[in-house]
Structure formats: structure tokens, C-alpha cells
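Right, one structure below, let's go through it.
Derivation of every value follows stated rules applied to the coordinates shown; laboratory data play no part. Every value quoted in this text rests on a predicted model; they were computed, and no experiment measured them. Cβ sites come from the backbone with ideal geometry, for glycine too, and all protein chains shown count toward neighbours.
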Amino acid sequence: MTTGWKEHTQDGTSPMHSTRHDLPAKSREKLVALLNACLASGIDLYLQTKQAHWNVKGPQFIALHELFDRVAETIEGGNDELAERAVMLGGTALGTTQVVQRASALKPYATDIVKGTDHVEALGNALATYAKQVRAAIETATQAGDADTADLFTGISRDVDKQLWFVEAHAQAQS
Ligand SMILES: [Fe+2]
């Protein structure tokens, strides 16, 4: 085991650390990049959800205001798990706004959205994009030989699907 805290870098800004973790370094590097890719989208999604929570208006205000906050809490919990798993594997969690802006797979959230139905549409799209990214990551982590990271993605994927259901249900029938 090497002792340097900076074994090597993935992109010059995210050092990999020395660890006794038994997965091969190449696999860990790949997994850290995968975790950070989802973390960037997850942080973006968290902020988009808060944006909706703060600005929603209309007859369903209180229901949507509270729902969007619960969605944000769920996404935030997943983000913490993703970041800490990246560090467990010897990597660096990349959670700054600058990285998020560069790396998020989500479309920017329009800041002029007001109506509840429009927030439901926008947030539904963001949740679906993130759900697809995380579901694909389950397979990639499995192929990299890391059942634990695959399991983490599976849990997050199940949570995101549930939040998508909660949000989409507002648009699936006329009230
Ligand atoms: Fe609030």
C-alpha cells in the first residue's frame, strides 16, 4: 500500500487516496467517477426541487409545497450516500456548484415557473432524467464488480421512482 494521499488524479482536480479496500484501483476509479456523475445530477435535482418548493403557487399550493420539500429531503439523503461511497472507495466526492454545473445530466430548471402544474411537469422531467441515470449506474457498478455500490444505486433508484410517482400522480387524472 502506498502512503501518499495523492496516489493519482482522475482529472487533475479529484485525488484518489490510498486505501486497504480490496477492489482493484482501476475499478474503484471507475466507480468513483460513476458515483460523482450521479452526485452532480443529484445535487442539481435537490436544488431544482427546492426551487419548486419555494416558488410554487396555485390551488394545490400547500400539498405541492410540502411534497417538493419531502422530495428534496429524499434526494439529499441519496446524495450524501453517493458522496460518502465515493470517498470510501478512495476517491474524492465532487460536490461543488462549479462541478455540478459542468457535470449534471439535468436540463436547467426555468426560474419563471409559477403554476403548480408547470412545476409538476418540470420536476417530473428532472426526476425521470435522474432515475434513468441512476438505473443505468446499477448495471455499470455490477459490471465493475462492486455489488455494494450497485445496491446503493438500487436503493436510490427505488426512492427516486417513488418520488416520481408522487409528483406525476398530480398530473395523471383531472381533479
Ligand atoms: Fe421550506
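Just a few scattered comments:
- Size of the stretch 28-69: Rg and Dmax of its alpha carbons, in Å, are 15.0, 49.
- Helix-only [θ]222 nm of the chain, DSSP H runs n ≥ 4, -39500 (n - 2.57) each, per residue, nearest 500: -23500 deg cm²/dmol
- The chain: C-alpha pair distances exceeding 21 Å, %: 49 percent
- One compactness figure for the stretch 81-155 is 1.33, namely its Cα radius of gyration divided by 2.2 N^0.38 Å.
- Degrees, to the nearest 10: 61-88 long Cα axis against longest axis of the chain: 0 degrees
- For LYS162, a cut-off of 14 angstrom between C-alpha atoms picks up these aspartates and glutamates, skipping any fewer than 8 places away in its own chain: GLU73.
- 3J(HN,Hα) couplings calculated from phi for the stretch 120-133 with the Karplus curve 6.51 cos²θ - 1.76 cosθ + 1.60 (θ = phi - 60°) are, in sequence order, 4, 5, 5, 6, x, 5, 5, 5, 5, 5, 5, 4, 5, 5 Hz; Gly and Pro show x.
- Modelled spin-label separation between HIS21 and ARG70, with each label point placed 7 Å from Cα along the Cα-to-Cβ direction: 3.3 nm.
- Neighbour counting of Cβ atoms within 10 Å sorts the residues ARG28, ARG135, fewest neighbours leading, into ARG135, ARG28.
- Across the stretch 24-94, the convex hull enclosing all Cα atoms gives 60 Å³ per residue.
- Links that overshoot a 22 Å alpha carbon limit, given the list LYS107/LYS132; LYS30/LYS50; LYS26/LYS132: LYS30/LYS50; LYS26/LYS132
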